[in-house]
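Asker: What follows is a structure written as structure tokens; I'll ask about it next.
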Number of protein chains: 2
Amino acid sequence: MQLYHHPFCAHSRLVRLALSEMGIEPELIEERVWERRADFLMLDPAGATPVLVEDDGFVVPGIDPITEYLDETRGSALGARRLMPVHIGERVEVRRLSSWFNHKFYAEVSEPLVREKVYKRYTPRELGGGPPDMAIIRAARANIRYHLQYIGWLLKARNWLAGDRMTYADLAAAAHISSVDYLGDVPWEEDEGAKIWYARIKSRPAFRPLLALTMAGMPPAPCYADLDF
Amino acid sequence: MQLYHHPFCAHSRLVRLALSEMGIEPELIEERVWERRADFLMLDPAGATPVLVEDDGFVVPGIDPITEYLDETRGSALGARRLMPVHIGERVEVRRLSSWFNHKFYAEVSEPLVREKVYKRYTPRELGGGPPDMAIIRAARANIRYHLQYIGWLLKARNWLAGDRMTYADLAAAAHISSVDYLGDVPWEEDEGAKIWYARIKSRPAFRPLLALTMAGMPPAPCYADLDF
């Protein structure tokens, strides 16, 4: 299996975590989507990571199609470790929280921070590159606080974000938070419950490859790979 | 069943179309999400329409959870008219295109146009209301052209957007386009194939309630309800 990804694309991180939890090691192909490579646009006309390609060439593009597809094709083999529960009520809750992180947290926190701090540095000025917009960064840093509080609030009554077991909801939240944590923009003092939950998920073997990431010229924040942050 | 919706929320329009195709008539409750009503935030902490509430009080919030939930609970009864196909390859394509319209078209076209032209008019100035930003409107009007071309391109080889049958992909595209069409911002001369497809879906009985919509002080564009536009 091949995965077109980018180290700072939180949706790609989520797919890497999910594949790892499923015991699948994909061939990783780093895609700089802003280059709009013609061959990549053939795979996915939307031109966005992640894109999964099966051995037989079958293409699955985009975070929601990929997570549903992986569950439909590999989920039942995971038994109690399945990332999408079987019960209809739990499925709604996993999808609600996955949407929360993949779309709402993305729009309010991870997309603006990664765009301003990472992508704009590697993009030519005529394509929108340049120095980060500090007003956008400040807004995203303010927004992340209520997301951490919400995570902490959920965990007051639950083991994991969507219920008793770890699901796609936890992986989605952790993937987005980890891309922001690399940049040093997670105020861990904000919520103790959220911090304990992240420490737990961060220590899973599936997380190790993400913690080993470093980008040339842009080292991770000191807390990023520290399991005892 | 109750549906918390807003007439200009394209995701709400998609759920209304889907329910109608399923023969379900929900009680419609108009929600002005910018008022951030406490009781509504209890139903959906994300505070966004649409939110579906079953007779027994079970709450399903958000467009992706709702479409998957409706298919899982009512899909098989629809037989050949099911909005989510059963074959895994077709499911990926329906979800890819649903994501395209619910997230990409939304971000590039329908959300900015509706925000600038409708929501900002009804929002107090201190909460972000005011006159529309014409630069944003011009960008969205430019963006919609390539989406119409993409629809036309897909339909060169297919009956409906995702294949031989009408699916969630068509309803998603039509829902988003209809909210923009009300405002008169769909350049129908751009792509003949897209226009023919929209005329076909617009003439379905499920579409009628949407075409009957009018907002006080803001009548629809002349082409909006015209089946022969």
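The values are calculated or read from the model by the stated rules, or taken from the named source; none is laboratory data. On a predicted model such as this, the values are computed, not experimentally measured, just so you know. Here the Cβ is made from the backbone with ideal geometry for all residues, glycine too, and neighbour counts use every protein chain on show. Heavy atoms of the whole protein, side chains included, go into the accessibility calculation; ligands, DNA and RNA do not. Shrake-Rupley method; radii C 1.70, N 1.55, O 1.52, S 1.80 Å.
Asker: Give, rounded to the nearest 20 debye, the magnitude of the charge dipole that the protein assembly as shown has about its Cα centre when Lys and Arg contribute +1 at Cβ and Asp and Glu contribute -1 at Cβ.
Answerer: Once rounded to the nearest 20, the dipole reads 540 debye.
Asker: What would the Debye formula give as log10 I(q)/I(0) at q = 0.09, 0.19, 0.22 Å⁻¹ for the alpha-carbon point model of segment A:88-207, no solvent?
Answerer: Listed by q, the Debye log ratios stand at -0.26, -0.99, -1.24.
Asker: Please compute the average number of Cβ atoms from other chains found within 10 Å of each residue's Cβ in peptide B:69-76.
Answerer: Going residue by residue through B:69-76 and averaging, the value is 1.
Asker: For chain A, what does -39500 (n - 2.57) per DSSP helix run (n ≥ 4), summed and divided by total residues, give at 222 nm, in deg cm²/dmol to the nearest 500?
Answerer: Calculated mean residue ellipticity at 222 nm is -12000 deg cm²/dmol.
Asker: In the Gaussian network model of chain A, springs joining C-alpha atoms below 10 Å, which of A:ALA175, A:ALA216, A:ALA157 carries the largest mean-square fluctuation?
Answerer: The residue with the greatest mean-square fluctuation here is A:ALA216.
Asker: I need the shape label for segment B:143-209. Rule: rounded when a/c is under 1.5, else prolate if a/b > b/c, else oblate, with a, b, c from the alpha carbon gyration tensor.
Answerer: oblate
Asker: While we're on this one: Could you state the number of Å between the C-alpha centres of segment A:103-120 and segment A:171-229?
Answerer: Cα centroid of segment A:171-229 versus Cα centroid of segment A:103-120: 16 Å apart.
Asker: Here's another thing I want to ask about it. Using a 1.4 angstrom probe, figure out how much accessible area segment B:171-222 has per residue, in square angstrom, rounded to the nearest whole.
Answerer: Accessible surface, normalised per residue, equals 38 Å².
Asker: Give the shape of chain B as rounded, prolate or oblate, defined through the alpha-carbon gyration tensor: a ≥ b ≥ c are the square roots of its eigenvalues, a/c under 1.5 means rounded, and otherwise the shape is prolate if a/b is larger than b/c and oblate if not.
Answerer: oblate
Asker: Counting heavy atoms of the protein chains only and a 1.4 Å probe, report the per residue accessible area for segment B:2-81 as a whole number of Å².
Answerer: 42
Asker: Considering only B:GLU72, B:GLU190, B:GLU90, give the residue with the highest GNM mean-square fluctuation for chain B, with springs between Cα atoms whenever their separation is below 10 Å.
Answerer: Among B:GLU72, B:GLU190, B:GLU90, the largest GNM mean-square fluctuation belongs to B:GLU72.
Asker: Considering every residue in B:15-25, what mean count of other chain Cβ atoms within 10 Å of its Cβ is obtained?
Answerer: Counting Cβ atoms of other protein chains within 10 Å of each residue's Cβ and averaging gives 0.
Asker: Could you estimate the translational diffusion coefficient of the protein assembly as shown from the Stokes-Einstein equation, with Rh from the Kirkwood formula over C-alpha pairs, at 37 °C and 0.692 mPa s, in whole µm²/s?
Answerer: Roughly 143 µm²/s, to the nearest whole number.
Asker: Here's a follow-up. Only four residue types carry charge here, +1 at the Cβ of Lys and Arg and -1 at the Cβ of Asp and Glu. Report the dipole size of segment B:2-81 about the Cα centre in Debye, rounded to the nearest 20.
Answerer: 300
Asker: Give the carbon-plus-sulfur fraction of the accessible surface of segment A:88-207 in %, rounded to a whole number; probe 1.4 Å, heavy atoms of protein chains only.
Answerer: So the carbon and sulfur contribution to the accessible surface is 54 percent.
Asker: Identify all lysines with a Cα-Cα distance to B:LYS156 below 16 Å; exclude those on the same chain that are fewer than 8 residues away in sequence.
Answerer: Reachable lysines: B:LYS195.
Asker: Return the value, in Å² to the nearest 100, of accessible area buried between chains B and A (probe 1.4 Å, both sides summed).
Answerer: The buried area between B and A, both sides summed, comes to about 1900 Å².
Asker: Something else about it: Report, for the protein assembly as shown, the % of DSSP beta bridges that are antiparallel, rounded to 5.
Answerer: Taking every DSSP beta bridge with both residues in the protein assembly as shown, the antiparallel ones total about 65 percent.
Asker: Further question: Normalised by the residues of chain A, what does the relative contact order come to in percent, with Cα pairs under 8 Å and at least six apart?
Answerer: That works out to 20 percent.
Asker: Springs between alpha-carbon pairs under 10 angstrom, Gaussian network model over chain A: which of A:ASP191, A:ASP133, A:ASP164 fluctuates most?
Answerer: A:ASP164
Asker: Would you please classify the overall shape of segment A:2-80 from the alpha carbon gyration tensor, given that a ≥ b ≥ c denote the square roots of the eigenvalues, rounded means a/c under 1.5, and beyond that prolate means a/b larger than b/c while oblate covers the rest?
Answerer: Cα axes put segment A:2-80 in the prolate bin.
Asker: Applying a 10 Å radius around every beta-carbon, put B:80-86, A:126-132, B:110-116 in order of their mean neighbour count, most first.
Answerer: Ranked by mean Cβ neighbours within 10 Å, highest first: B:110-116, B:80-86, A:126-132.
Asker: Still on this model: So which trypsin sites (Lys or Arg not before Pro) in segment A:150-229 are both in a DSSP loop and have at most 10 other Cβ atoms within 10 Å of their Cβ?
Answerer: Answer by residue number: A:LYS156.
Asker: How shielded is A:84-94 by partner chains, expressed as the average number of their Cβ atoms within 10 Å of its Cβ atoms?
Answerer: 3
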